[in-house]
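Single-structure report; data block below.
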Amino acid sequence: MKPSGQRNSIRVLSVIPPMTQLNTPYPATAWLTGFLRSRGVEAVQEDFALALARKLFSRAGLEIVRTCAEQTPARQRTESVKHFLAHGDRPAATVDAAVAFLQGRDPTLARRIGGRRFLPEGPRFQALEAFTAEEGGDPLAWAFGALGAQDRAKHVATLFLNDLADVIRDAVDGRFEFARYAESLAKSQPSFDPLAAALAAKPTRVEEILRGLVREAVARHKPDLVLVSVPFPGCVHGAFRIAQAIKELDPRIATVLGGGFVNTELRELSEPRAFDFFDFVTLDDGERPALALVEHLRGERSREQLVRTFVRKQGKVQFIDTGEKDIPFAETGTPTWDGLPLDRYISVLDMLNPMHRLWSDGRWNKLAVAHGCYWRKCAFCDTGLDSIARHESLPAEALVDRIEAAIAATGQTGFHFTDEAAPPAALKALAAELKRRKLAISWWGNIRFEKAFTPELCRELAESGCLAVSGGLEAASDRLLRLMNKGVSVEQVARVAKAFSDAGILVHAYLMYGFPTQTAQETVDSLEYVRQLVEAGCIQSGFFHRFACTVHSPVGRNPEKYGIELLPLPPSPFAKNDVEFVDPTGVDHAALGTGLAKALYNYMHGVGLAADVRSWFGFPVPRTAVKRGFIARAIRRPFPGTGSGGAIRRRAGAPGPGRG
Ligand code: B12
Ligand code: SF4
């Protein structure tokens, strides 16, 4: 680190690097800024992901893109680039209007955009044509019906931005990509070499724009300490470019790296070159480590007294941790959105999956009902991480205080609870407190399909503003659910999901395939369960993820217990997370995955529900062993906890309700 000297007043700037979602700010800077302010620290924030997107998706931005596209040799021009150039001035002439529409600032443009004569169309629109034949010539009617003009236009404008993003990727910067939900992640980068090489290269035009934004922000805020948050692997490169730009401007500004990616993948960091960009790298919740850093820079704490922080000392990476306890969740303060341009976030509608839609469409205030997961036992999950393992609840009064403060600050009443699994007792208390204060909000988040979610509680949650819940049905097989210690059965999921659906709450199921020892028969059966769940109105949305073994999960720590053998990890001074394994079952999961995705996509649109599940795979698979009507019978049985509510009270605050 280049010492910044002792300063009494430390100004902290927290930043979100590109690319995160554009519809709403990623919450880390809001939480950290809110906390630091509550401790009297001068703290501000910037969202570079949004700022970069706004610069690029503008008339001026597209002029730059066009110059790069024209400079691309003709034979290297992709379809997207060719379309873009063929449209001449039209993309630049219409982009500001399309963005203003997606920001909700010009809703009357919906009819023109929805009419599909206004925005130029590139390859991304080809997917729509697949539906033309079925819908009598209107490819969007199947999704949005005759009405839904706003949604229809949102989808068209999103496809337009997707086309432009492809052009930027193909002609300007190969790394540029919208943040999207993916079935599985790109493998972690064990070596720092590719990142070091990319950072040593001349900045692309996209990176130049980012550097310009960094320069402006540093000039505006004059920070002493910059906290760079990296929630996902897709933000790593942007984060390092930001730190590089800061260090070039003023090496005395201390730079810190933290966030979900770091907490998950950099726990064993030993790569000294990372510290050419960052002075500090912290693990897990940021409140305590950031406060310690502020105190350090003020000269009130030595470097040896930092909390969960990697530093470089004499060329070697050293982990420093005084072992001080985290700030209790109830004392982390209320997030602040101050400084973020809340009316400029860009809602997109590119996935017609209803739950993914909530993730990328609309402005949601992000809070959590509790810290960590109260169950923390699932074998595939990173239960070794503090963000899951440390369960701490928050009294409903305190949560609703935060909700009220967020509404007052943002003027918006939509909430996404970012919990891994919000506890039923806490949600019940939340609903009661919202009712008591007569506070009208909308909210959604992750839950577990616990029996405690009785039809009665689901109705109370719906009344309190719950729009949607997502929860794990995972491999949808009772043998595998037991093996993975999920604590629910298929039957229980069906009944709880139905209770939510009957209350008018959208239900999304996280599904998994390729779990250790999963057979082709079990995969086919899981699809049959899913088919029946959709048919019976238990779930309206779902997504099949390919199982990935991580070093922090029970499977990664005890592979033999799950019948697999881990392949040795390459030496990894940098990121470490996924680990390859050999499953003696030898099933071709990749091939099965294609059929699962196709089937589920169609089911969510009410298509193909009557067909034999084997028909989705395109190659011979076993006939399902699941009885027809299994789910229909399960949901007819009386709900065990109906009307009691007592089961929930008994469990209040207790970790891990009993299994199934
Ligand atoms: C809610 C959630 C989602 C939601 C919403 C995401 C969003 N954009 O808002 C949805 C479901 C959409 C989602 C999607 C994905 N997610 Co997600 N998600 C979460 C979850 C459960 C909570 C995130 C959250 O909002 N937390 C609240 C904020 C405030 O916490 P935080 O960012 O961690 O910040 C705290 C600390 O990390 C620290 N901190 C943060 N930044 C900094 C910076 C500095 C300098 C310091 C000192 C401290 C610090 O302080 C903060 C306050 O304590 C986390 C797991 C978890 N429990 O954290 C996974 C997690 C972030 N997701 C993850 C992943 C992989 C994804 C996907 C890529 C999955 C996929 N297959 O597509 C996508 C990416 C989507 C995208 N690009 O936007 C991983 C990332 C791990 C990794 N390998 O990098 C996580 C960590 C889960 C995990 N362990 O596997 N996700
Ligand atoms: S319920 Fe969710 S967060 Fe909790 S251990 Fe299981 S998978 Fe992990």
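The values are calculated or read from the model by the stated rules, or taken from the named source; none is laboratory data. Every value quoted in this text rests on a predicted model; they were computed, and no experiment measured them. Glycine also receives a Cβ, built like all others from the backbone with ideal geometry; neighbour counts cover every protein chain displayed. Side chains included, ligands, DNA and RNA excluded: accessible areas come from the protein's heavy atoms. Shrake-Rupley method; radii C 1.70, N 1.55, O 1.52, S 1.80 Å.
For the residues 341, 328, 354, the requirement of being within 13 Å of ligand 1 (Cβ to nearest atom) and out of contact with any Lys or Arg (no Cβ under 7 Å at 6 or more places or on another chain) singles out 328. In region 221-233, the residue that is farthest from ligand 2 (Cβ to nearest atom) out of those that are outside any loop (DSSP other than H, G, I, E, B) and surrounded by fewer than 22 Cβ atoms within 10 Å (Cβ to Cβ) is 221. The helices (runs of 4 or more DSSP H) found entirely in region 317-418 that carry 2 or more residues being over 22 Å from the mean Cα position of the chain (by Cα) and not basic (Lys, Arg) are 396-410. Residues that are touching a residue at least 24 places away in the same chain (Cβ under 8 Å), within 16 Å of ligand 2 (Cβ to nearest atom) and surrounded by fewer than 19 Cβ atoms within 10 Å (Cβ to Cβ) within region 364-405 comprise 377, 384, 386, 387, 390, 392, listed in sequence order. Within region 438-457, identify whether any single residue is modelled with pLDDT of 95 or more, within 16 Å of ligand 2 (Cβ to nearest atom), surrounded by fewer than 18 Cβ atoms within 10 Å (Cβ to Cβ) and farther than 27 Å from residue 407 by Cα, and answer yes or no. Among the residues of region 438-457, not one is modelled with pLDDT of 95 or more, within 16 Å of ligand 2 (Cβ to nearest atom), surrounded by fewer than 18 Cβ atoms within 10 Å (Cβ to Cβ) and farther than 27 Å from residue 407 by Cα, which makes the answer no. Return the total of residues in region 290-316 being surrounded by fewer than 19 Cβ atoms within 10 Å (Cβ to Cβ) and part of a strand (DSSP E or B). Adding up the residues that qualify gives 3.
Could you tell me which of the residues 135, 121 is open to solvent by 40 Å² or more (accessible area, probe 1.4 Å), at pLDDT 95 or above and either farther than 23 Å from residue 341 by Cα or of a type in the set (D, E, K, R) (or both)? Sole residue among the options that is open to solvent by 40 Å² or more (accessible area, probe 1.4 Å), at pLDDT 95 or above and either farther than 23 Å from residue 341 by Cα or of a type in the set (D, E, K, R) (or both): 121. Checked against (1) closer than 21 Å to residue 215 by Cβ; (2) in contact with a helix residue (DSSP H, G or I) (Cβ under 9 Å, 6 or more places away or on another chain), residue 93 passes all but condition (1). The residues on offer are 434, 427, and the sole one that is under 30 Å from residue 554 (Cβ atoms), part of a helix (DSSP H, G or I) and more than 12 Å from ligand 2 (Cβ to nearest atom) is 427.
Here residue 90 clears all of (1) buried (at least 18 other Cβ atoms within 10 Å of the Cβ); (2) within 28 Å of residue 357 (Cβ to Cβ) except the condition numbered (1). Within the bounds of region 589-609, is there any residue that is farther than 23 Å from residue 517 by Cβ, at pLDDT 95 or above and assigned to a loop (DSSP other than H, G, I, E, B)? Yes, region 589-609 has at least one match. Is there any pair with a first residue in region 623-647 that is at pLDDT below 55 and a second that is acidic (Asp, Glu) and not in a helix (DSSP H, G or I) whose Cβ atoms are under 6 Å apart and which are 6 or more apart or on different chains, and what are they? Listed by first residue and then by second, the contacts come to nothing, as the list is empty.
Scanning region 257-267 for residues that are surrounded by fewer than 23 Cβ atoms within 10 Å (Cβ to Cβ) and either farther than 14 Å from residue 189 by Cβ or more than 20 Å from the chain's Cα centre (by Cα) (or both) gives 260, 263, 267. Among the criteria (1) open to solvent by 10 Å² or more (accessible area, probe 1.4 Å); (2) more than 12 Å from ligand 1 (Cβ to nearest atom), the one residue 240 does not fulfil is (1).
Of the residues making up region 578-588, those that are open to solvent by less than 30 Å² (accessible area, probe 1.4 Å) and assigned to a strand (DSSP E or B) number 1. Could you say whether any residue in region 570-586 is under 23 Å from residue 356 (Cα atoms), basic (Lys, Arg) and touching a helix residue (DSSP H, G or I) at 6+ places or on another chain (Cβ under 9 Å)? The answer is no, given that none of the residues of region 570-586 is under 23 Å from residue 356 (Cα atoms), basic (Lys, Arg) and touching a helix residue (DSSP H, G or I) at 6+ places or on another chain (Cβ under 9 Å).
Across region 247-262, the number of residues qualifying as part of a helix (DSSP H, G or I), within 13 Å of ligand 1 (Cβ to nearest atom) and touching a helix residue (DSSP H, G or I) at 6+ places or on another chain (Cβ under 6 Å) comes to 1.
Among all positions in region 198-220, there is no residue which is among the charged types (D, E, K, R), touching a strand residue (DSSP E or B) at 6+ places or on another chain (Cβ under 6 Å), at pLDDT 95 or above and not assigned by TED's automatic domain parsing to the domain that holds residue 81.
Being surrounded by fewer than 15 Cβ atoms within 10 Å (Cβ to Cβ), in the same structural domain as residue 267 (by TED's automatic domain parsing) and modelled with pLDDT of 90 or more is a property that residue 194 has. Kindly indicate the residue of region 197-220 that is surrounded by fewer than 22 Cβ atoms within 10 Å (Cβ to Cβ) and acidic (Asp, Glu) and also nearest to residue 174 (Cα to Cα) among those meeting that condition. Going through the qualifying residues, I end up with 208. Against the numbered list (1) within 16 Å of ligand 2 (Cβ to nearest atom); (2) touching a Ser or Thr at 6+ places or on another chain (Cβ under 8 Å); (3) not polar (S, T, N, Q), residue 528 comes up short only at (1).
Tell me, which residue of region 263-293 that is small (Gly, Ala, Ser) and more than 11 Å from ligand 1 (Cβ to nearest atom) is nearest to residue 15 (Cα to Cα)? Per the stated criteria, the residue is 274.
Within region 45-66, count every residue that is surrounded by fewer than 22 Cβ atoms within 10 Å (Cβ to Cβ) and either free of Cβ contacts under 8 Å to residues at least 60 places away in the same chain or not in a helix (DSSP H, G or I) (or both). Total meeting the criteria: 5. The condition of being in contact with a helix residue (DSSP H, G or I) (Cβ under 9 Å, 6 or more places away or on another chain) and closer than 21 Å to residue 371 by Cβ holds for only one of 426, 494, 503, that being 426. All of 284, 279 fail the test of being open to solvent by less than 40 Å² (accessible area, probe 1.4 Å) and at positive phi, apart from 284.
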